[in-house]
1. Can you give the % of DSSP beta bridges in segment 275-355 that are antiparallel, to the nearest 5?
2. With n ≥ 4 as the cut-off for DSSP H runs, can you work out [θ] at 222 nm for the chain, using -39500 (n - 2.57) per run divided by the number of residues, rounded to the nearest 500?
3. In nm, give the distance between the simple-model label positions of Val161 and Glu404, each being 7 Å from the Cα along the Cα-to-Cβ direction.
4. If you roll a 1.4 Å probe over the heavy atoms of the protein chains, what accessible area per residue do you get for the chain, in Å²?
5. Could you calculate the FRET efficiency of Leu223 with Leu60 from 1/(1 + (r/R0)^6), where r is the beta carbon distance between them and R0 is 51 Å, rounded to 0.05?
6. Kindly list the residues of segment 342-358 that lie in the label zone of Leu279, defined by a backbone N under 20 Å from the point 7 Å along the Cα-to-C-beta vector.
7. If I take R0 = 60 Å and measure r between the Cβ atoms of Leu256 and Leu138 in this structure, what FRET efficiency does the formula 1/(1 + (r/R0)^6) give, to the nearest 0.05?
8. With θ set to phi - 60°, apply the Karplus curve 6.51 cos²θ - 1.76 cosθ + 1.60 along segment 45-51 and write out the HN-Hα couplings as whole Hz, x wherever there is a Gly or Pro.
Amino acid sequence: MSEYLAALDSPAALTVLTLIAYFDAVIGIGIFVVGEVAFLAAGAGITATGTWLPAAFVLLAAWLGDMTSFYLGRRFGGRLVVRILNRAKRRRVWRKAQSALKKHGAGFVVIARLLGPVSWLTPFLAGTLGMKRRVFALAAALGVGIGVGMFLLYGAIGQHVIEIVWPFLLDHFAALGLGAAMMIASVVVWRQSKGAAWYKATKAGAVSTTIFLSTNFLYFFVLDTHGASASTDQAVSSVCQAAEGPFLVSAGDTALHLPQPVNVILLSDGTGADLMQELGWHQNLTFTHDQIGFGQYLRSLVQRTPPVSELYLEKYPADSAFQMPGTLKTREHIRWWNRGAGVHFGAISRDDEIAVKYYGHLPVILHDIDPKVDATRRLLAELVLGAERYTILGIAPLSRKVSEGENSDFGTDGGVLVLTEHGKNVSEDILSCFKLEREPPIDREASLAART
């Protein structure tokens, strides 16, 4: 819409707006012209582009239209009245305006712009009754300033509201539609049901819940809502570029999609899957990379390895996801993204409970994470201490410290666990990029003995 409003001060647009505003005020023709369109558009242009030129043009055109009707009334009033007022409804409006104009004079000319059909007749009537030209011109100018100015204000405010509301509606149209469907269905069932209030409420709640669950089923298992994206498009050119982040992932890109942290980095020529396989973690299905049918989903629930919902790093889904053995309610799991240049980002957390969360375009039933993600990061570090192929470089202070509840699902000290392969050459420059110092090799047996 903004691109159209930006063209309002072009010669063609100014001509159209001026003609609409002018003919809206001319007796007879104004019945067929909707001047409010020009007034609202000119007002919206003020907010969208900061230009006042269309507003000035429509104000002047509206005043000239009133003056034209006034002169037509002075010159042809008596003869045109018979033709124009051939309908009884128009004659009633004419008599009403005539009476008010005789009683209030210029004051009625001012307020006539706010009186709908009366505004079309008043300038012509003022000319017919012989009102002084200067008095009418001043009163009409004031009336146009108030009447047209009101619509200019509506347009300016409306455009500002649209700039805020329209993107929100586009981002959340599916969720809003689902909410509206659930609400309407509940109201209809309530009103058509007979019996006690608890019984009607139970029926309404059951219908609303059925709509919600059915929508979840369609979203995950029927509709193609998880289109896969090539993760190579998010590749970095160097390890140090990867150290710049971003270190947040989320299930969408609106303020309602609470993020989770990227808190693991693996520097390896292999993949995150290689590390997880050595640690003995189970690889989960994901909705982006696997064709998950409802039967397959139910089998994974029985095996306590349900699919992992998608989180997106710069709009790209994870390449793989893994979990430790757990229950349907709680499990430690990690998602991996291949950033290229031998760098892999991981987001590790602990599923803590089942909750309704905003995911993609809809609220759905998902796992919610334990907000203490640093504890899960430490668990992974302890497991890596016992790995044969991998080692810990350190905790890199790359991310932002987040207090629990700070518009997020988690709290963290901002540290990122940096892992690599044994024997891999990690230069001083890379350590500097990750804000780490080279430490002596970790004695895994001593570390494991200390932990036990």
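The values are calculated or read from the model by the stated rules, or taken from the named source; none is laboratory data. Since we're looking at a predicted model, the values are computed, not measured. Every residue, glycine among them, receives a Cβ derived from its backbone with ideal geometry; neighbour counts consider all protein chains shown. Remember, those area values only see protein heavy atoms, side chains included, never the ligands or the DNA or RNA. Shrake-Rupley method; radii C 1.70, N 1.55, O 1.52, S 1.80 Å.
1. Details: 17 of 18 bridges.
So the antiparallel bridges amount to about 95 percent of the total.
2. Details: 15 runs with 233 residues, N = 452.
Rounded to the nearest 500, the figure is -17000 deg cm²/dmol.
3. Between Val161 and Glu404, the label points sit 4.2 nm apart.
4. Per residue, the chain has an accessible area of 52 Å².
5. 0.40
6. Residues 342-353 qualify, since their backbone N sits under 20 Å from the label point.
7. 0.65
8. Taking θ as phi minus 60°, the curve returns x, 4, 6, 6, 10, x, 8 Hz for segment 45-51.
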